[in-house]
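In what follows, a structure is listed as structure tokens, so that the remarks can point back to it.
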Amino acid sequence: MLVDRRKAAVFGAALVLRLLLWVLFPSLPDLLTGRVEVSTPVNSFKRLQEGLFMYTRNVSPYDGGVFHQAPLLLPIFALLPNAREYPLPTAIFYSMVDLANANALVTISDSGQALSGRLHSALRKHVRYDGVAVAAWFLFNPFTIATCLSRSTNVFTTCGILYAISNAGSGNSVNAMLALGFASYLSIYPALLFIPLVLLCYDRRVQKTKASSNAAVFSVQYFGILLGSVAGLLGISCLIVADFWQFISATYGFQLLVPDLTPNVGLWWYFFIEMFDSFREFFLGVFWLHLACYVGGLTIRLRRQPLFVLTALLGIFAIFKPYPSISDASLYFAFLPLYRHLFPLMRYTFFTVSALLYATLLGPAFYHLWIYAGSGNANFFYAITLVWSLGLSILLADTVFAALREEWEQDNPELRGKDIRQV
Amino acid sequence: MTTKNEDLGSSPQTTSDPDNTATTIMSSKTSAQRVPPPEKPEATRARFKVIAAFWAVIILLGLPIWWKTTSIYRAHLPFQEMVDWADGKSCRPVFPLEIQIAAPSMPDPEAQLLLRTTQHTLDDLNEFSAHHLRLKLTEDGDNTGYIKEETHEKADTALTVRLVPQDNLPTPRSELSPETTQLDVFYSPNQSPVPSSSNSPLSTFIAGELQRLFSEEKATIAHILSNGHTQLSENISRRLRRSLKYADTYHLAFSLFTPGPAPSSWAVQEAIEDYLSPLLQAFAPISNFTVDTQVQLYATFSPTAPLPEFVESQSAWTLKQEDLSAFVNAAEWPLSPSIGSGPTINFLLYVPDPSQSPMVVKENTATSWIIPQWGGVFLLNPPLPTENPSNPPHLSKDSLRPAFMTFSHQLLTLLGTPTTPTSLPFRLQTLIRIRAATLLLSASSTMGSLARLTESLPSIPIPATVAASVSTTLSHLSATCTHLREGRFSAALDNARVAETEAERSFFEKSMVGQVYFPDEHKVAVYLPLLGPIGVPLVVGLLKEVKRIVKGLKGR
């Protein structure tokens, strides 16, 4: 039972750390809740409380134009005592969600899909972290802790995505689709993960039963399950909110059309502040297509490693989605230790880590200069978000390169260790 | 090698692969590091699929989005009709004024004869055909002095001439009643026309009187219809210079300014209700009004303004006439230029400090003056107690009476009401006709400008609301024209006001105006830097792939 004791120690330490931070720095959660890097209009806990206040008083939560999150969160949070007077239950709840997420990561790691799948088997299998290490990497990541303390509702989307992938990895395809439906219901973009996820499910099914069925029929079946789960959740939402179309336009309309240009760590807000009004719709389309068009290309190119496609897409979402926050980056970072065997093939690790640290430290400083001190302007903060996105993009490109290089070495074993050159 | 075999074994194209890999290994061994091993067909196919996947997204989703979001909606506008209105081809405004002649004491044939001869004389005198007077006998002789209610069938009566026989008059005499549109003509019965002569002193007199009464209106309308090409008399052009541009709504701002602490209140509401509201109601068919008031204590002159001087002979503080323009301290007195849409007319009531009271204008001891196109000023010098002189803390309604009488007079001038003749209803009717003509021309020319603008800029969108506004404008313009031709001037003005409002709304439509300054060249600046970085790799990838396919076809 050595492994279990390690796991218990890591999970216990993570829980204690979170609660300690809550108890020792009572103002820290509220400070983080107000930070634009952590809280965006679609996941802010403050806005959730506003919606909750209206919901408990029988007013449509979307009336104020402040709340843009899924209505199912409201009854869940209505069960918890008021976060302002009794912060501890909320703290414990969020910490538990974090632990559940970590547990899903352990499952993903233990399924071994990152190392070998149906069509693929890594060369450096011995270079790996075990599940507890992966979970520790996630639980003690400062970005994850900040997300947890800020009580961002993004953790539920993260939870949905992680459970979808862990269920797919362990072969529970239906559960995977239900979890993905939950994540897509909360914030639309996880639906883009469907294709690689269904391929992962398909590979597991073929591995298990040893009989290959038609992939297309399989996908259509599971797409039906996904649609059914989303429709079911929407149906339950109908019971909560009276006006269905108001709910759709306040949540999904808000996420698709990006009307709130509050600064965040992403690339959209500044662009749409500057864009001519008549081109706004066009570039909304361009940005969404840009986000979506990687799915097909990556899935085809990395067909042998669906889990890696999922990881790369999570990285792309963290950079290019409309309201990104550091919680999206923390989800991407959580998957990277699964690919410990690719680290030796990566080339710009130092530069990436430096750029990300640089952006992490200077971002709040420049935001302060712009908003509070008044000695800087929007370009200060925008420049730092560019550096942040650059760091993430290089990390993403580097890992994709490493994965491709590994595939290449599998195909051409005699060329292992040779330098790469452009021809 | 085991992993690789597994790997290849599971891929669908297994039959030829072992040979293929063998040759690959052979060739790469011989050429060392120089030449990379040739790509496997599997990899080539994968690359083709990747490129196809990206292009499929672009073509299937990107192109429709591009088409949908950047296509410009241009509602259909009746260009020819709009230009015709602007060129004056659609409507030639005419002003047939109906004048009722009431001759209760005259036998009917005689009255008919008088009517004919007078009309003949009038037509001879008139040299401006668009504006002509039509005489008509009142059916009901007793119904004199009664302004007909506006109906849609009958023309407005511009003037009623009542013939009153009076003995011992050497020449006919006329009298215009100041409160109605009625002209009393006194004549001795021997001046009435006789069938034998084509002219009579009475008909000549009436024709002359009518011509005189309508001379200012006629000159003004001729001036408007000719787009300001005709010469105006000094009197009329001065009036036009002073008056404000027409607006649907005027904001009246009444301000009490005083350099000291008193008076700190005034009975302005009662004063406006009693002295001004009747006038504003009379103006209701022409314009709407909103009224604001304010009191400003310790309002000082601007430091550069010349100070009033004490003149012993007048025993008053005097302001020089040429210094009156500096009287209003525009920098410090809170006189906002405009409240909402529409112009503001300011009326200033200035109560001088007791130490400078009474204050008058030096040259003519006047206490009020008009500021052209801006408003009016009135100096109120309240009676001061002899010992310890100070201004009264409250201005009663009665003490405001002279000021508000002056203000109402100034308001008439500022709104462009003709100065002659003396009857107010008559002048207001004249104003209705003048405004109808002005609005008809201005709305028509706005239509022309809109047509030219939308034709010369094919890239600006035309929202459906603009098309709706244009059609409303055009229909109201033609209604205006019909009403004018049939002499219903109030109805004409009503339609012209709607036409003008709609024309302005369509011309200043926000979504159109924003695009006016966005030429097509700017689109290159929008598309290229933003889509270039994405487009270049995609296009290069596509070209390479096409090249490879063409090569493969040729090789075969």
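No lab work stands behind these numbers, since they all come straight from the coordinates. None of the values given here were measured: they were computed from a predicted structure. Cβ atoms come from the backbone with ideal geometry, glycine included; neighbour counts cover every protein chain shown.
Electrostatic tally near B:F508: other residues with Cβ closer than 13 Å to its Cβ, Lys and Arg +1, Asp and Glu -1, net -2. By the rule of a C-alpha distance below 12 Å, with chain neighbours fewer than 8 residues away ignored, the aspartates and glutamates paired with A:K46 are A:D30.
Panel order for B:F404, A:F276, B:F205, A:F350, by other beta carbons found within 10 Å of each beta carbon, from fewest to most: A:F350, A:F276, B:F205, B:F404. Summed over qualifying helices (DSSP H, 4 residues or more, each -39500 (n - 2.57)) and divided by its residue number, chain B shows a 222 nm mean residue ellipticity of -15000 deg cm²/dmol.
Here each label is just a point 7 Å from Cα along the line to Cβ, and for A:V127 and B:F508 those points are 7.0 nm apart. Cβ crowding within 10 Å, taken as a proxy for footprinting-reagent exposure, orders B:H76, A:H341, A:H290 from fewest neighbours to most as B:H76, A:H290, A:H341.
Loop-resident GluC sites (Glu not before Pro) (DSSP state other than H, G, I, E or B) in segment B:289-359 with no more than 13 further Cβ atoms inside 10 Å of their Cβ: B:E312, B:E332. For the segment B:64-75, counting C-beta atoms of other chains within 10 Å of every residue's C-beta and taking the mean gives 3.
Checking the a/c ratio against 1.5 first, then a/b against b/c, what shape does the Cα gyration tensor give for chain A? Rounded, because the longest to shortest axis ratio a/c is under 1.5. Under 5 Å from the amide H of B:Q166 lie the amide H atoms of B:Y187, B:S188, each residue being 5 or more positions distant or on a separate chain, with H modelled from the backbone and absent for Pro and chain starts. If a spin label sat at a point 7 angstrom from the Cα of A:N377 along the line to its beta carbon, the backbone N atoms of segment A:238-271 nearer than 18 Å would be those of A:263, A:269-271. Across segment A:131-216, the mean sequence separation of Cα contacts (distance under 8 Å, 6 or more residues apart), normalised by length, yields a relative contact order of 23 percent.
In this structure, B:T171 and B:S129 have a Cβ-Cβ separation that, at R0 = 45 Å, corresponds to a calculated FRET efficiency of about 0.90. Modelled spin-label separation between B:Y527 and B:A267, with each label point placed 7 Å from Cα along the Cα-to-Cβ direction: 7.4 nm. Less than 5 angstrom separates the built amide H of B:T344 from those of B:H251, B:I339, all sequence-distant by 5 or more or on a different chain.
Computed from Cα positions, the angle between helix B:397-414 and the longest principal axis of chain B comes to roughly 60 degrees.
Under conditions of 37 °C and 0.692 mPa s, segment B:248-410 yields 199 µm² s⁻¹ as its translational diffusion coefficient, taking Rh as the Kirkwood radius over Cα pairs in the Stokes-Einstein equation.
For peptide A:298-304, the mean count of partner chain Cβ atoms within 10 Å of a residue's Cβ comes to 4. Once you reduce segment B:57-85 and segment B:163-182 to the center of their Cα atoms, the two points are 68 Å from each other. Take the alpha-carbon centre of segment B:380-431, take the same for segment A:98-134, and report the distance between them in whole Å. Spelled out, the Cα-based centre of one part sits 92 Å from the other.
If only the Cβ of Lys and Arg carry +1 and only the Cβ of Asp and Glu carry -1, the dipole of segment B:248-410 around its Cα centre is close to 100 debye. Report the FRET efficiency, 1/(1 + (r/R0)^6), for B:S445 and A:R6, where r is their Cβ-Cβ distance and R0 is 60 Å, rounded to 0.05. Computed FRET efficiency for B:S445 and A:R6: 0.10. Between B:A331 and B:A305, the contour length at 0.36 nm per residue exceeds the Cα-Cα span by 8.2 nm. The residues A:T33, A:T144, when put in order of fewest to most other Cβ atoms within 10 Å, stand as A:T33, A:T144.
Based on Cα contacts under 8 Å between residues 6+ apart, segment B:248-410 shows a relative contact order of 33 percent. The angle between the Cα long axis of helix B:521-555 and the main principal axis of chain B comes to about 30°, on a 0 to 90 degree scale. Go ahead and run the numbers for FRET between B:S313 and B:S390, Cβ-Cβ distance against an R0 of 22 Å, rounding to 0.05. With R0 = 22 Å, the Cβ-Cβ based efficiency is 0.25.
Other residues within the sphere of radius under 14 Å centred on the Cβ of A:P196, judged by their own Cβ, net out at +4 (K and R +1, D and E -1).
Helix A:154-169 and the longest principal axis of the Cα set of chain A meet at an angle near 20°. Approximating the spin labels as points 7 Å out from Cα along Cα→Cβ, the A:E281-to-A:L415 distance works out to 4.9 nm.
Dividing the summed helix terms, -39500 (n - 2.57) for each DSSP H run of n ≥ 4, by the number of residues in chain A produces a 222 nm estimate of -22000 deg cm²/dmol to the nearest 500. Computed 3J(HN,Hα) for segment A:114-123, one whole-Hz value per residue from the Karplus formula 6.51 cos²θ - 1.76 cosθ + 1.60 where θ = phi - 60°, is 5, 8, 8, x, 5, 10, 8, 8, 6, 7, glycine and proline marked x.
Please compute the net charge surrounding B:L412, taking Lys and Arg as +1 and Asp and Glu as -1 over other residues with Cβ under 12 Å from its Cβ. Within the 12 Å Cβ shell, the charges total +3. Considering only alpha-carbon pairs that sit under 8 angstrom and 6 or more positions apart, the relative contact order computed for chain A is 19 percent.
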